[in-house]
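Read through the structure below, which is laid out as C-alpha cells, and then see the notes.
The values are calculated or read from the model by the stated rules, or taken from the named source; none is laboratory data. None of the values given here were measured: they were computed from a predicted structure. Using ideal geometry, Cβ is built from the backbone for each residue, glycine included, and neighbour counts are taken over all protein chains shown.
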Amino acid sequence: MKACFHYILHVSDSIQSNGPCCCTWQFPMERTCGMLQPLAKSRLHPYKNLTNNVYLLELFNNLCYYRKIHEQIFPPIPRKEYENHLVYSNENYEEEFQWPSKTYDLKKSEIKEIKSHLSVIDNKAAEMKLSVCIRLFI
Amino acid sequence: MHLFYENVAPYMLRHWMGSFFKDSTLNNQPYTLSNKQWSEIGANMDAIKKSIPTEFGRPPRNIFHHHNGYKAEEWASWITLYSVPLLKDKLPSVYLKGWSFFVKAVRLCQKRKLSLHDQNEIRSLLLQFYNHYERYVRIFIN
C-alpha cells in the first residue's frame, strides 16, 4: 500500500495543531516556485543567477521609499480633468459618464429664432450678444 | 491538501483505470472500468465544458486523455465536483460509497473556517475512507 493512504489519518491532527487546511497548504509555495523558475536563466551558475535576480527584484520593490529616484523612473501620470458640463462623475463612482456632444454651427436664422424665443421668457435676452445667448441656451 | 489532490486522487484514478500495479494481472479488479467507459466519461466532461459557471473555476479537461497533466486545482475540482456524478452507475456502489467519504472530507477541508464538529467529522470520514480502502481495494494485493 502506498504511504500516502496512511498519511490521511493524520490530517485531522494536523488541522487541530495548525489550523484549517488553507493556512498550511502547498499552493502559495508552488506559486513562489513558479515565479522563481523563469528568474534562473544561467545554465552554468543557476543559483548565483537566481540570487542576483531576486536581489535585483527586491531592490525594485524597495525603490518606492526613495521618492526622488522613484519619480524619475516612474513619472507620475497626471490625472485627466474634464469640464463640468461635458463629463458627469460621482465621488463614489470610478467611471465617468460623458454627455453625447457634437459641435454644431448655428445659422443666422436659427440664432434669430432662439433669440426671439428667449426674449419671450426674458426681455434681456434680446439685447445679449450671440455667444452669451448660446451659452445660456446650453 | 496536496496530499489529497496530488497523491490520493491520482492513485484512486489509477486503481479505477487499471494502471495502478505494474503487474497487469493484478489490475483486473471489480472496481476497474474499461477503456470504453472511461472514454464515455471523458466525452461527458468535454460536453459539459461550455456550461460550467465561472464560479466553479476552470472548465474540466478530459480526464481520460489529460490525467497525467492535471494540476492540483483540476484535481480539486475533479474530486469535489465531477467525480461522484460521473462515476455513478459505472463504479460498483460499494466503491462509490467509499470514495464519497473522501469527497465529503475534502469538501470540509476546503472550508476557510472549521468548527470542532467539522474537524471530528473530517477525522471520522477519512477513517471510513481508509477502512474502505484497506478492506475493499487493498485486499486484492495480497
Residue match in the range B:121-140 (condition: surrounded by fewer than 19 Cβ atoms within 10 Å (Cβ to Cβ) and touching a Pro at 6+ places or on another chain (Cβ under 6 Å)): no
Some residue of the range B:54-77 being away from chain A (no Cβ under 13 Å), surrounded by fewer than 17 Cβ atoms within 10 Å (Cβ to Cβ), among the polar types (S, T, N, Q) and within 22 Å of residue A:30 (Cβ to Cβ): yes
Failed item, numbered, when residue B:5 is tested on (1) exposed (fewer than 12 other Cβ atoms within 10 Å of the Cβ); (2) under 29 Å from residue A:27 (Cβ atoms); (3) in contact (Cβ under 8 Å) with a residue 12 or more places away in the chain: (1)
Counted residues, the range A:100-138 - those being outside any helix (DSSP H, G or I) and either modelled with pLDDT of 70 or more or of a type in the set (Ser, Thr, Tyr) (or both): 8
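Could you look through the range B:112-137, keep only residues that are without any contact (Cβ under 8 Å) to a residue 60 or more places away in the chain, among the aliphatic types (A, V, I, L, M) and more than 7 Å from chain A (Cβ to nearest Cβ), and pick out the one that is nearest to residue A:22 (Cα to Cα)?
Checking each candidate, the answer is B:116.
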Filtered residues of the range A:1-27 (kept if in a helix (DSSP H, G or I) and either hydrophobic (A, V, I, L, M, F, W, C) or surrounded by fewer than 10 Cβ atoms within 10 Å (Cβ to Cβ) (or both)): A:4, A:5, A:8, A:9, A:11, A:15, A:17, A:21, A:22, A:23, A:27
Number of the condition not met by residue B:98 [criteria: (1) without any contact (Cβ under 8 Å) to a residue 60 or more places away in the chain; (2) assigned to a helix (DSSP H, G or I); (3) more than 14 Å from chain A (Cβ to nearest Cβ)]: (3)
Condition broken by residue B:91, with the remaining ones in (1) part of a helix (DSSP H, G or I); (2) in contact (Cβ under 8 Å) with a residue 60 or more places away in the chain; (3) away from chain A (no Cβ under 12 Å) satisfied: (1)
Index of the failed condition, residue B:82 passing every other in (1) crowded, with 17+ Cβ neighbours inside 10 Å; (2) more than 25 Å from residue A:31 (Cβ to Cβ); (3) more than 10 Å from chain A (Cβ to nearest Cβ); (4) touching a residue at least 24 places away in the same chain (Cβ under 8 Å): (2)
Total residues in the range B:14-42, condition within 13 Å of another protein chain (Cβ to nearest Cβ) and either assigned to a helix (DSSP H, G or I) or polar (S, T, N, Q) (or both): 2
Test: residue in the range B:69-76 that is assigned to a loop (DSSP other than H, G, I, E, B) and small (Gly, Ala, Ser): yes
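I'd like the residue in the range A:28-47 that is of a type in the set (Gly, Ala, Ser) and over 16 Å from residue B:72 (Cβ atoms) and, out of all such residues, is surrounded by the fewest Cβ atoms within 10 Å (Cβ to Cβ). So that I can check it myself, show each step before the final result.
If we filter the range A:28-47 for residues that are of a type in the set (Gly, Ala, Ser), which is where we start, we get A:34, A:40, A:42.
Then keep just the ones that are over 16 Å from residue B:72 (Cβ atoms); that gives A:40, A:42.
Details: A:40: 17, A:42: 12.
Going through the qualifying residues, I end up with A:42.
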